[in-house]
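Below: one structure, written as structure tokens.
Derivation of every value follows stated rules applied to the coordinates shown; laboratory data play no part. Everything numeric here is computed off the predicted structure, so don't read it as measured data. Methodologically, a virtual Cβ is constructed for each residue, glycine included, from the backbone with ideal geometry; neighbour enumeration extends over all protein chains shown.
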Amino acid sequence: MTAEGQSLFGTPAPAAPTGPVESAAAAKGDSRGSPSDAAGGWSILIEAFAGPQAEASAREAVTRAQSTLGLDGAYPEKRGETWVLAYGHYTGPADPKAARDLARIKSTEYRGLRPLAGAYLSPEVLEGTLPEFDLRNVKKSRGRWAMYTLQIAAYGVEGAGRVKPEDMEQARAKAEEAVVDLRRQGEEAFYYHGPNRSSVTIGVFEADDVDAETHQESPRIRQLRERYPYNLFNGKGIKEFHRGIGPDGKDVVVERMSPSRIVMIPES
């Protein structure tokens, strides 16, 4: 069985870590397997590949899995430093479709053997699927001088009530898609996944970019605010209401769009 698996998928590698996952299909502009298409944060992991040729090996494995074994839903995906051959998107181990698909894949026969018997469900990763764009990794890669960033958007569930895991999974996917789109436009964008919503930010600024006493911002931040003046929620502007003093000295309620705002970069 091991030899047959190697003949199908190439040199075996250690199992993929359960760390942050990057959707290779999304990175290549292919909608198949992208976060927005995911029904949940779980998938079936069939084979893993490591080393400098990992991506090429994973893509070749996809071709073989589709043509030889009939797994049309197979796709390549990057997980940390490892590329994997994966299949499907599921809400979790209790998902009936996940159980059916996993049983079918594990029992798939090729020349009298079952080369995919080692396939398993890979768990949800809350850290996000694009670790290099995760705001929590900025200090690790840039240094502790990285202090502030400009929040321009957030994604989450509108209204009050209990937040469902599948709703937050969709919000995380939308935030990451927004980051990818901003990066394509040349912006240094990041995402941050909180327990109830995901944020999108731009830029990395140090302590000197914001005056500690006056809160005056540097020209770099002001120029960025000119391009991104608002803090959107699920792609829409949010109205804020503030009490103020009118020209006649009386109290008034001032309506404005929620502005983009400087936030602290979290510790890694």
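Points worth noting:
- Highest to lowest packing among 250-260, 43-53, scored as the average C-beta count within 10 Å: 43-53, 250-260
- With both labels modelled 7 Å from their Cα along Cα-to-Cβ, the Asp181 to Leu113 distance reads 4.7 nm.
- Separation in nanometres of the label points that stand 7 Å from Cα toward Cβ, at Glu206 and Ile238: 3.2 nm
- Simple spin-label estimate for Lys250 and Ala103 in nanometres, 7 Å along Cα-Cβ: 7.3 nm
- Taking packing as the residue-averaged number of other Cβ atoms within 10 angstrom, the listed peptides 180-186, 113-119 run from highest to lowest as 113-119, 180-186.
- Once backbone amide H atoms are built at 1.01 Å from N, Tyr230 has Ser260 as its partners under 5 Å, excluding neighbours fewer than 5 places away on the same chain.
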